[in-house]
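Have a look at the structure below, then the notes.
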Amino acid sequence: MKGLPPALKRKKRYIAFELVCERDLDEKEFLSALWNTMLSLFGEIGSSHCGIWLEYFDGRRGILRCHREALNKVKVALTLISSVGDVEVIPKILGVSGTIKKCRRKYLEVLRDASASDGL
């Protein structure tokens with residue numbers, strides 16, 4: 001069976017984010033908090049059409065994949081997360097990109113390589 005041609009595939013966007021918190025978080029706890037926020041805001045049908053997938057997460061920084069049409073919904077839900085498990089968090093969206101490679105380079109590797117003397 002053949003796959004869909006590129007013209008019929010849904011376009012994706014990658015959201016780089018950082019969670020300001022006291023300790024590193026578990027991936028499952030973060031996904032649970034994100035899905036609970038999505039469900040309370042948009043319901044089951046609205047949340048299911050977003051196509052959310054966690055591409056990368058290291059405990060504080062990560063990359064979320066979603067459909068291009070649902071980008072604003074996912075950004076709103078991500079910024080409204082106030083706690084993950086028993087840890088208070090402040091989410092910060094670093095940027096949005098069309099490819100995962102560009103998202104890693106532009107937003108995550110810059111933060112990793114930066115030092116306190118750079119002003120970041």
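The values are calculated or read from the model by the stated rules, or taken from the named source; none is laboratory data. Owing to the predicted nature of the structure, the values given are computational and were not obtained by experimental measurement. Quick reminder, even Gly has a Cβ in these numbers, built from the backbone with ideal geometry, and neighbours come from all protein chains shown.
One residue stands out among those in the range 4-24 that are touching a Lys or Arg at 6+ places or on another chain (Cβ under 7 Å), farther than 16 Å from residue 72 by Cβ and among the aliphatic types (A, V, I, L, M): the one that is surrounded by the most Cβ atoms within 10 Å (Cβ to Cβ), which is 19. Checked against (1) aliphatic (A, V, I, L, M); (2) assigned to a helix (DSSP H, G or I); (3) surrounded by fewer than 18 Cβ atoms within 10 Å (Cβ to Cβ), residue 1 passes all but condition (2). Sort out which residues of the range 4-23 are part of a loop (DSSP other than H, G, I, E, B) and of a type in the set (Lys, Arg), and write them in order of number. If the condition is that a residue be part of a loop (DSSP other than H, G, I, E, B) and of a type in the set (Lys, Arg), then 9, 10, 11, 23 are the ones that fit. Of all residues in the range 76-91, those satisfying the criterion of being surrounded by 13 or more Cβ atoms within 10 Å (Cβ to Cβ), farther than 14 Å from residue 28 by Cα and out of contact with any strand residue (DSSP E or B) (no Cβ under 6 Å at 6 or more places or on another chain) are 76, 77, 80. Has the range 70-81 got any residue that is at pLDDT 90 or above, among the polar types (S, T, N, Q) and under 13 Å from residue 34 (Cα atoms)? Checked against the condition, which is being at pLDDT 90 or above, among the polar types (S, T, N, Q) and under 13 Å from residue 34 (Cα atoms), the range 70-81 yields at least one hit.
Hey, any hits in the range 6-28 for a residue that's farther than 20 Å from residue 107 by Cβ and among the aromatic types (Phe, Trp, Tyr)?
From the range 6-28, those farther than 20 Å from residue 107 by Cβ are 6-10, 22-23, 26, 28; that's our starting set.
With among the aromatic types (Phe, Trp, Tyr) added as a condition, the list becomes none.
Among the residues of the range 6-28, not one is farther than 20 Å from residue 107 by Cβ and among the aromatic types (Phe, Trp, Tyr), which makes the answer no.
Inspect all residues belonging to the range 35-51 and state whether any of them is in contact with a Cys (Cβ under 9 Å, 6 or more places away or on another chain), among the hydroxyl-bearing types (Ser, Thr, Tyr), buried (at least 16 other Cβ atoms within 10 Å of the Cβ) and on the phi < 0 side of the Ramachandran plot. Scanning the range 35-51, I find no residue that is in contact with a Cys (Cβ under 9 Å, 6 or more places away or on another chain), among the hydroxyl-bearing types (Ser, Thr, Tyr), buried (at least 16 other Cβ atoms within 10 Å of the Cβ) and on the phi < 0 side of the Ramachandran plot, so the answer is no.
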